[in-house]
Amino acid sequence: MGAVTKPDTAMFDCREAYVRTVEEMAATDERIVAVVNDSVGSSKLGKFRDRFPHRLINVGIAEQNMVGVGAGLANGGKVPFVSGASCFLTARAMEQIKADCAYSRANVKLCGISSGVAYGELGATHHSIEDVAWLRAIDGMTVIVPSDPWETEQAIRAATAHEGPVYIRLSRMPVPALERSNPHFEIGKSEILHEGGDVAIIANGTMVHRAIKAAKALASEGVGARVINMATVSPIDTAMLADAAKTGAIVTVEEGLKQGGLGGAVAEFCAENAPVPMRVLGFPGFVPTGSASWLMDEFGLNAAGIATAARELLGKRA
Amino acid sequence: MICIMPEPDGRSTATIEQRAEHVRERANWMRRRFLRMIVDAGQGHPGGDLSATDILATLYFDVLRIDAANPMAPDRDRFVMSKGHCTGALYTAMAGRGLFPEEDLNSYLQPRSRLNGHPNRTYLPGVETNTGPLGHGFPVGVGIAVAGQIDEADFRTFVLTGDGELQEGSMWEAAMFAGHRGLGKLTVIVDRNRLQQGAKTEDTNGLEPLGDKWRAFGWEVVGVDGHDHAALLNAFDDACEPREKPRVIIADTCKGKGVSFMENQAGWHHGVPNPEQYAQALAELEAEMA
């Protein structure tokens with residue numbers, strides 16, 4: 001508890017932790033295979049292909065078939081990690097995710113790469129800001145948004161141990177390694193990374209280290225902000241949410257659409273069980289051209305924006 | 001009833017005539033049984049069920065190496081019903097093979113029945129993947145065959161598709177990839193009845209030249225009369241020989257086969273016979289076995 005980001009720490013691309021972990025597991029678990037849509041490079045699976053050439057299945061640019069083939073591989077006893085850019089993996093293959101993976105309870109691990117606005121300048125076709133809203137609406141689909149390399153590794157291992165479909169939402173945006181006094185990852189469990197009792201900031205993925213930075217700024221003003229890393233969006237950690245609501249104010253922040261994602265999941269629970277003033281930070285819809293970091297700053301998805309939202313909310317505390 | 005099930009190597013010791021007669025009897029029972037189910041449920045897809053019956057009977061009562069007592073055995077043959085709406089035919093075949101009790105057929109489409117309008121593997125062991133939306137079962141079947149190829153496993157994968165279903169783009173993604181991988185233990189059967197829900201396939205979005213399309217995607221293509229049990233058995237026997245390419249059996253079929261007033265009528269894609277129609281259908285089917 002009470003973790004902060006390491007000062008002047010190095011920044012990491014979580015894809016590296018993803019492929020390192022899959023390779024490590026594949027060395028001892030013959031069931032593990034990787035399925036890609038011509039995305040060996042962007043998924044960083046070149047080494048996996050070299051080590052396990054027969055277990056890298058490249059279907060070419062065909063996402064519907066990729067997800068269907070993934071479900072078939074699971075039927076054949078494999079544990080497929082189906083990797084592709086989140087925008088195409090989720091949107092293009094949505095019915096396959098619903099019918100072949102979730103409704104069929106197939107043991108498929110979907111790994112969305114370069115999610116959020118990582119492909120900033122390429123525009124909204126290549127942004128994946130709707131994916132969490134879409135996938136958490138599907139019954140039985142576990143949705144995990146890791147925040148740093150350690151959590152990415154834990155999520156991959158937990159997804160492998162979990163029988164059923166999982167969506168792991170990865171970025172290519174650099175993030176620091178977060179410090180944890182009591183590191184423990186469990187699907188459906190969140191963690192507190194900064195203590196505080198005046199307001200709760202609930203974040204995941206690339207937003208967690210920014211939320212911690214905001215909490216430190218608020219602490220210097222005498223405002224206690226609790227930062228909760230809600231890596232699993234579905235199923236969501238309702239016990240943690242009930243506690244968070246007791247602070248009297250909740251800010252959510254995600255690198256995704258404001259509607260229907262992490263903020264929506266928190267709001268659904270709180271509205272029915274623990275009504276509390278909220279602010280939901282995210283993108284309002286299709287966003288203009290610009291780099292990922294520019295877009296995050298422009299839409300207040302940075303430490304300053306999070307702190308501002310928290311300050312504004314304090315006056316509305318229940 | 002003659003009981004002629006295949007040996008563990010997939011081959012029956014019976015003659016082709018004996019095997020065909022066995023399948024014919026079972027197919028006739030399936031038709032009579034699922035028409036009753038459709039009448040009782042007040043809904044169904046009789047046209048497609050009747051079209052697919054002889055193919056399914058050949059698979060379930062002769063070709064498929066499955067153990068009804070252990071339907072999830074890793075080395076089982078896989079059958080994927082890509083045209084998932086034809087559950088009358090599928091469920092009667094599965095029950096007839098012993099995958100669930102025949103009396104459960106009475107629950108078809110009833111509240112909380114395991115016999116959903118489209119097959120669901122979480123309800124019913126023996127269903128490999130949940131289908132219903134078209135264009136799904138085939139890619140999953142390709143994935144199953146890839147798993148078998150990686151493991152050099154002995155099981156075979158069979159996929160039954162509709163012909164209208166081949167208008168879905170995902171089918172050709174799967175066909176292209178299966179051809180590329182040389183999935184020699186994969187067999188697709190196209191139920192080529194030339195009618196889709198609303199009209200003829202060739203008047204809607206034509207599929208011909210269909211064999212050429214599959215050949216161009218790297219497949220071996222065989223044409224067969226989809227209601228000739230001996231011809232179907234020969235095609236499946238041949239399809240199970242070692243080979244380097246996936247094989248498609250284009251089964252020339254008749255939507256509504258076996259019930260004169262339903263044959264080649266797009267209107268019987270959906271539909272429920274009234275009491276007079278049902279009596280006539282049963283009389284025709286019983287006469288066929290007389």
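The values are calculated or read from the model by the stated rules, or taken from the named source; none is laboratory data. In this text the structure is predicted, and so the values were computed from the model without any measurement. Here the Cβ positions follow ideal geometry from the backbone for every residue, glycine too, while neighbour counts run over all protein chains shown. These accessible areas exclude ligands, DNA and RNA; they are computed on the full protein's heavy atoms, side chains included. Shrake-Rupley method; radii C 1.70, N 1.55, O 1.52, S 1.80 Å.
For segment B:239-280, the set of residues classified as farther than 22 Å from residue B:212 by Cα and not in a loop (DSSP other than H, G, I, E, B) consists of B:260, B:261, B:262, B:266, B:267, B:268, B:275, B:276, B:277, B:278, B:279, B:280, listed by residue number.
Restricted to segment B:99-125, and to residues there that are out of contact with any Phe, Trp or Tyr (no Cβ under 9 Å at 6 or more places or on another chain) and in a helix (DSSP H, G or I), the residue that is surrounded by the most Cβ atoms within 10 Å (Cβ to Cβ) is B:107. Would you say residue A:133 is open to solvent by 10 Å² or more (accessible area, probe 1.4 Å), outside any loop (DSSP other than H, G, I, E, B), over 19 Å from residue A:191 (Cβ atoms) and aliphatic (A, V, I, L, M)? Against the criterion (open to solvent by 10 Å² or more (accessible area, probe 1.4 Å), outside any loop (DSSP other than H, G, I, E, B), over 19 Å from residue A:191 (Cβ atoms) and aliphatic (A, V, I, L, M)), residue A:133 qualifies. Within this structure, residue A:39 fails the test of being in contact with a Leu (Cβ under 9 Å, 6 or more places away or on another chain), modelled with pLDDT of 95 or more, small (Gly, Ala, Ser) and assigned by TED's automatic domain parsing to the domain that holds residue A:169.
Within segment B:118-139, the set of residues being without any contact (Cβ under 8 Å) to a residue 24 or more places away in the chain and more than 8 Å from chain A (Cβ to nearest Cβ) comprises just one member, B:123.
Comparison of A:161, A:133 shows that the only residue that is in the same structural domain as residue A:89 (by TED's automatic domain parsing) and over 25 Å from residue A:257 (Cα atoms) is A:161. Looking at residue A:234, is it within 13 Å of the chain's Cα centre (by Cα) and either open to solvent by 20 Å² or more (accessible area, probe 1.4 Å) or of a type in the set (Lys, Arg) (or both)? In short, yes. For the residues A:276, A:251, A:266, the requirement of being open to solvent by less than 30 Å² (accessible area, probe 1.4 Å), over 12 Å from residue A:201 (Cβ atoms), modelled with pLDDT of 95 or more and of a type in the set (Val, Ile, Thr) singles out A:276. Annotation for segment A:68-82: at least one member residue is closer than 30 Å to residue A:210 by Cβ and within 22 Å of the chain's Cα centre (by Cα). Filtered by the rule that a residue be open to solvent by 10 Å² or more (accessible area, probe 1.4 Å), within 19 Å of residue B:145 (Cβ to Cβ) and of a type outside the set (D, E, K, R), segment A:63-98 gives A:64, A:74, A:75, A:76, A:77.
Would it be correct to say that residue B:42 is small (Gly, Ala, Ser), in contact with a Cys (Cβ under 9 Å, 6 or more places away or on another chain) and closer than 26 Å to residue B:280 by Cα?
For residue B:42, the condition - small (Gly, Ala, Ser), in contact with a Cys (Cβ under 9 Å, 6 or more places away or on another chain) and closer than 26 Å to residue B:280 by Cα - is not met.
Reported count of residues in segment A:84-129, each being in a helix (DSSP H, G or I), within 11 Å of another protein chain (Cβ to nearest Cβ) and of a type in the set (S, T, N, Q), is 1.
Among the residues of segment A:143-171, those identified as more than 25 Å from residue A:99 (Cα to Cα) and part of a loop (DSSP other than H, G, I, E, B) are A:146, A:147, A:148, A:171. Where residues in segment A:208-230 are touching a residue at least 60 places away in the same chain (Cβ under 8 Å) and touching an Asp or Glu at 6+ places or on another chain (Cβ under 6 Å), which of them is surrounded by the fewest Cβ atoms within 10 Å (Cβ to Cβ)? Taking the candidates together, the pick is A:223. Of the residues examined, residue A:81 is one that is more than 7 Å from chain B (Cβ to nearest Cβ), touching a residue at least 12 places away in the same chain (Cβ under 8 Å) and closer than 30 Å to residue A:256 by Cα.
For segment B:156-184, a tally of residues being among the hydrophobic types (A, V, I, L, M, F, W, C), away from chain A (no Cβ under 12 Å) and closer than 15 Å to residue B:81 by Cβ returns 2.
Which numbered condition trips up residue A:182, out of (1) part of a loop (DSSP other than H, G, I, E, B); (2) in contact with a helix residue (DSSP H, G or I) (Cβ under 8 Å, 6 or more places away or on another chain); (3) farther than 30 Å from residue B:130 by Cβ? Among (1) part of a loop (DSSP other than H, G, I, E, B); (2) in contact with a helix residue (DSSP H, G or I) (Cβ under 8 Å, 6 or more places away or on another chain); (3) farther than 30 Å from residue B:130 by Cβ, the lone unmet condition for residue A:182 is (2). Taking the listed residues B:132, B:96, the one that is crowded, with 18+ Cβ neighbours inside 10 Å, in a loop (DSSP other than H, G, I, E, B), at pLDDT 95 or above and under 15 Å from the mean Cα position of the chain (by Cα) is B:132, with no other qualifying.
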